[in-house]
Every structure is written in C-alpha cells, then in structure tokens.
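The values are calculated or read from the model by the stated rules, or taken from the named source; none is laboratory data. As the structure is a prediction and not an experimental result, all values here were calculated from the model. Because the Cβ atoms are built from the backbone with ideal geometry, glycine has one as well, and the counts that use them run over all protein chains shown. Areas reflect the complete protein model, heavy atoms only, side chains present, ligands, DNA and RNA absent. Shrake-Rupley method; radii C 1.70, N 1.55, O 1.52, S 1.80 Å.
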Amino acid sequence: MIELRDVAFAYEDAPAFTLAHLDLDVAAGTIMGIVGASGSGKTTLAKIIAGFIPSTEGGTYRGTASVAGAVLSEGTLTEAVDVVGLVTQNPFNQISGARFTVREELAFGLENRSVERSQMIERVNTVAATLGLTPLLDRSPYALSGGQMQLVAIASMVVMAPPVLVLDEPTSQLDPAGTRLVYDVLGRLSEGGTTIVIIEHKTELLHEHCDAIAVLAGGRIVSTGTPASVFADDRLSTWGVGQTRITQAAREARTRGLLPATEPLPVGVSDGAAVFGTNGETR
Amino acid sequence: MNDLTIRIEALRHTYESGVEAVAGVDLTIAPGERVAIVGQNGAGKTTLVRHLNGMVRPTEGTVHIGDWSTSDKSIAELSHRVGYVFQNPDEQIFARTVESDVAFGPKNLGFEPEQITESVTSALEAVGLAHEAQVHPHHLSLSERKRVAIAAVLAMRTPIVVLDEPTTGQDEGGVRLIASIIDDLTARGITVVAITHDMDFCVENFERVVVMARGTVRADGSTEQVFADQPALEAAAVEPPQLARLARVLGWSETAVDPSSFVDAFERRRRG
Ligand SMILES: Nc1ncnc2c1ncn2[C@@H]1O[C@H](COP(=O)(O)OP(=O)(O)OP(=O)(O)O)[C@@H](O)[C@H]1O
Ligand SMILES: Nc1ncnc2c1ncn2[C@@H]1O[C@H](COP(=O)(O)OP(=O)(O)OP(=O)(O)O)[C@@H](O)[C@H]1O
Ligand SMILES: [Mg+2]
Ligand SMILES: [Mg+2]
C-alpha cells in the first residue's frame, strides 16, 4: 500500500540530508510501527508519506514515494490528503482554529468534503464516543488539557476515515486509559482495512499492537521485522531505541545465568509473565 | 541556598468557561524537595502548577512561594523564583535562534552580560544542544524544541523549577539526560516539581509523588507508599510501572521497579 524507494530529503539550507536511501513497504491493512532516536527523521518520514514533503517544504527531494499505486510527488497535496490522514506530532498545532467547539472542529474536514449533514453528525458522535470525547463536544478546542487536545487531533483525522492513517507520536501526552482507547480504535480500523503507520516511543504498545516494526537510523530504515524480532535485536540501543524494563530485566537475568539464552526476550507483561513465571519456579 | 517553601492552601481554580480544574488543593513542598505530579488527562495538573509562576491565578485559596503570595505578584516578579517549562514547547519558544531564546529569561532577570553568556552556554550543554545554538528553533524536531524550552528555564537559575511533562517525545537518551538534569538541580538545592505520565521515569527519579484526580489530590506520599495504594491508583486511573505490573501478575509480594532489583528478586525466588 505504501512504497518508498530510495527516498532522500534535505531541508532547505540544511548541511546534510535528513533522510537518504530510504526504502519502506507497508502492506495494506496492516499496522506498521516506526521507531528511532530523537531527531532521526521520523516526522520528516511521516510528512513524506502524507505528501506534505516535497509539496509544502523547500529542500532537496529524491526517490519515489507511492501510496495505493499513485506517486505522491506527481499529484497535488489535495489528492494526497484524500488518501492519507496525518495526525501531526504537536496536537496543539493541529487544531484548525476555524471552529468554536470540539464538535465543529471534528466536523470541519467532513464539511469541506460536503458530507451530508445527518451522516456527518453520526460520524462525529461515533468517533467522539470511541475516543472518550463525548463530554467535551461543546467545549472550545483551545480550552482543553494537553491530552484532551491530542485526542481531539486524533479524532479529527479518524473521522475522515482515510484509507491510510499516519500518526506521529499520537499518545505522547495521553494517560493509560486514553492510550488504550487510541490503540483500540487503530486495531478496529486496521481490521476494517485501513493501513496504519504509527510513530511511537512506547515499545510495549508497539509490541502489542503492530504487525511490523521499522527502525529509522542514520537517515534510512536499518531494520524491519515482527515486533518480537526487532525488539530483541542487540543493535537496538546503538540505533538510539529504548527497551522496556522487562526486556532490560530479561537481558540482565540472561547475563547472570538465570534465564537460558534460548528463551525469547520478553517485551510486555504477558510474555514477561510467561518467561519469568516458568523459569522462576523453584526446582 | 534555596529557602522557599511552596505552600498551596484551599486552592480552587475555575476557568471562564465554568470548568473547575482545581477543586480544593492543599499542598506544601519544602525547599530542595523533588516531587512528581501524576494523574489522568484533565485532572488539573497543568492548571495547578501554572499557579506557581502566576500564569493562572487562584479563584479561591492562596499560593505562597516563600513569603510571597502569588496573588500580589506579577509573572515577571515571580519569574525570579519560579521557572516553568511549558507542556507545549511551541507556546514557550519565540526567538529566531536557539541561543537568543535561551538568553531571553536571564536578560529579563537583569543578569550581567557575562552571566548571560555563561548561563546560556551551560544550559544548552546540559540539554545537549550546544551545537544548535545558532539554529532557528523551528528547524529542530519537537523533542529538540522541548529541550530548548528546558534550557530556557535552566538558564534563569531560579530556586524552583517546574517541568510540565519533560520527557514527552524524548528517546531513551533524552530521558536519561533529563533525569541527570534533575539530579543536578537537586544537588544545587533547587526545588523540582515535575508532571509526568511516564511511571518508569517517575519511580526512578522521584521520592515523593502527588496523585491528582478531578482537580483534587487523591494521594501524596513517598513513591513506595503511593504505588502500593491500589485504591488511589485505580481512582486516579494511574498505572503502576511496568515491572510492578509484571510482579503483580506473577503474584510476587515485593515490587521491584528497576530491572536489577527485579532480577535480584527473581534470583531469590528461584533459589526457593
Ligand atoms: N523545517 C526544518 N528545517 C530544517 N531542518 C529541520 C526541519 N525540521 C526538522 N529538521 C531537522 O531534521 C532532523 C529530523 O527532524 P524530525 O522532526 O524528522 O525528527 P524526529 O525523528 O521526528 O524527532 P523527534 O523524535 O524529536 O520528533 C532534525 O535534526 C531536525 O533538526
Ligand atoms: N484554558 C482553559 N480554559 C478552560 N478550561 C481549561 C483550560 N485549560 C484546561 N482546561 C480544563 O481544565 C481541566 C484541567 O486541565 P489541565 O490542563 O490542568 O489538566 P492536566 O491534568 O494537565 O491534563 P493533561 O495530562 O491532559 O495535560 C480539564 O477539564 C481541561 O479541559
Ligand atoms: Mg518527530
Ligand atoms: Mg497538562
């Protein structure tokens, strides 16, 4: 569904290329997690997939990025936004500013697409309910807490139901309950065929919800694979990617000879319980 | 040394919209203490701490920074005592270069030119951005901009530093950097108040945790006490750190929150 071939990008006047020789494939209907260090170019990559780079950003762009068979740099931004919805990293900047209430904010994009009114109301109400925003619908989109604003930014893209959804650290300001709501929604969308790319630092969540993980380092994708294989990779820390406390504990237990090296490295609580539970039984 | 006690008494704040964001908070923070504030989205954490530098004023009750009541002081006056790093760095950053943004605070506080240079340089070094001093902040990534916002407050050398979600968007190295900055502030006697949703960061760096729910303080105590208080955590929808969750699933009585002590506990159990 998403195909990036030898993509490179340098911001205007920047001393070096932020991305270079970047290849990425995301299969239709799957959830791909992107990890990488601060400043490694994750947001830049998200903007390329969503068609904002090169169209709205000066600089040097090379390579081919296509979504659903169409090469993004050959079409217009309007065509791109019909296919790819981008939830930007800073939710504060995503609020359109054109509307007085959260309800109107969520309806904004649908209005622009001339969606029929009753259908629009129905879609806004449904998405608001699934993201816990119903009590906030009549509030001003600016009079919200950071986390609430982030949920509004996500909802305003989800309501558009684009075939491809790119989310740039969408749970960075969310509490555990809000985070769960977001991943539940993404899971359901993916079952319905939406292709999802999510940039996220919380390894435990990616491990639980993604079909595949790609690691961005040195301007390109240096590793792709299942969450279990990527998160057990010894090179992870050299790429600036963190491991969960459970993975760190399992590594230490291995070093101290308390866990067999044949045992896969756990990432989350359920696989952690399996590894530490069985190996912890007193013999 | 810092001798400023933060004293919040019977504090309430209702926004113009009618939302009561802080609904009766009493909280005292001693000079040099470091405190984490945790709790659900919309619990009132940001509204509460914005009272400390006067960005938000009490609707009822009082906030004292040492002998000053924030109700009688301007934001400019309060900035001599309290530095606040915004949750959203883009609300805080406005200069054309990283360096001039970080120099803004010290200049306004009336630092001597050489003091300005010195404090800006050391603040940028602390956040790992010395090499980006001449860059336009908009040409940095978001986590880098957050570190600029932190540097801007460090450079002010205030006796109280308030950090609103400092680790948001930081990678592993960035989180470690922020932890070491907090250690350094503590070593210099500076009071640190930090809001966070990252429970690993919270238990590893803070001795005292305040749990907020619906505009009130639901729990306040040592980190161990608070994370052992299941009812309070549930009421505030706060999830314990990852290894504590694993220990619970395994049915362990002890909660080891860092990997090494978790493995120690595992080893003791294996020996029987
Ligand atoms: N508009 C811009 N002009 C020039 N350089 C930029 C611009 N935006 C980003 N950069 C640079 O490109 C690099 C990658 O930035 P990007 O925002 O893509 O990183 P990121 O991986 O998303 O980081 P973070 O984890 O902080 O969000 C950074 O070094 C940044 O300084
Ligand atoms: N400027 C504002 N005007 C009106 N209401 C506001 C404003 N800012 C926040 N609120 C409301 O006040 C309550 C507390 O918000 P606050 O920002 O203090 O929460 P928070 O605990 O910091 O949440 P988060 O973890 O999401 O940042 C929320 O219900 C929020 O919607
Ligand atoms: Mg980014
Ligand atoms: Mg907040």
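See the values below:
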read-out	value
Beta bridge orientation in the protein assembly as shown: antiparallel %, DSSP, nearest 5	55
Separation of the residue B:230 and residue B:183 label points, Cα + 7 Å toward Cβ, nm	3.5
Proximal aspartates and glutamates relative to residue B:73, as straight alpha-carbon distance under 19 Å, when same-chain residues fewer than 8 apart are discounted	B:3, B:9, B:60
Dipole magnitude (debye, nearest 20) for the stretch B:115-185, charges at Cβ of Lys, Arg, Asp, Glu	160
Partners for residue B:45 among aspartates and glutamates (Cα-Cα distance below 12 Å; same-chain residues under 8 apart left out)	B:164, B:165
1.4 Å probe accessible area per residue over the stretch A:1-77, in Å²	42
Residue A:180 versus residue B:69: modelled label distance in nm, points set 7 Å from Cα along the beta carbon direction	4.4
Net charge, residue B:66 excluded, C-beta distance under 10 Å - Lys, Arg +1, Asp, Glu -1	0
Protein accessible area in the protein assembly as shown, 1.4 Å probe - carbon and sulfur %	50
Total accessible surface hidden between A and B, rounded to 100 Å², 1.4 Å probe	3700
For residues of B:132-139, the mean tally of beta carbons on other chains within 10 Å	1
FRET efficiency, 1/(1 + (r/R0)^6) with R0 30 Å, evaluated for residue A:101 and residue B:10 via beta carbons	0.40
Cα-based helix-to-principal-axis angle, B:142-154 vs chain B, degrees rounded to 10	70
Gain on full stretching of the segment that runs from residue A:208 to residue A:68 - 0.36 nm per residue minus C-alpha separation	47.8 nm
Accessible surface, the stretch B:135-179, averaged per residue in Å² (probe 1.4 Å)	28
Gain upon complete extension [residue A:8, residue A:93; 0.36 nm per residue less C-alpha separation]	28.0 nm
Label point at residue A:82 placed 7 Å out along Cα→Cβ; residues across the stretch A:98-118 whose backbone nitrogen lies under 13 Å	A:113-114
Neighbour cut-off at most 15 other Cβ (10 Å), DSSP loop, trypsin sites (Lys or Arg not before Pro), the stretch A:32-88	none
Linear extension gain, residue A:119 paired with residue A:27, 0.36 nm per residue minus alpha-carbon span	30.1 nm
Spin-label pair residue B:237/residue B:131, simplified geometry with 7 Å Cα→Cβ offset, distance in nm	4.2
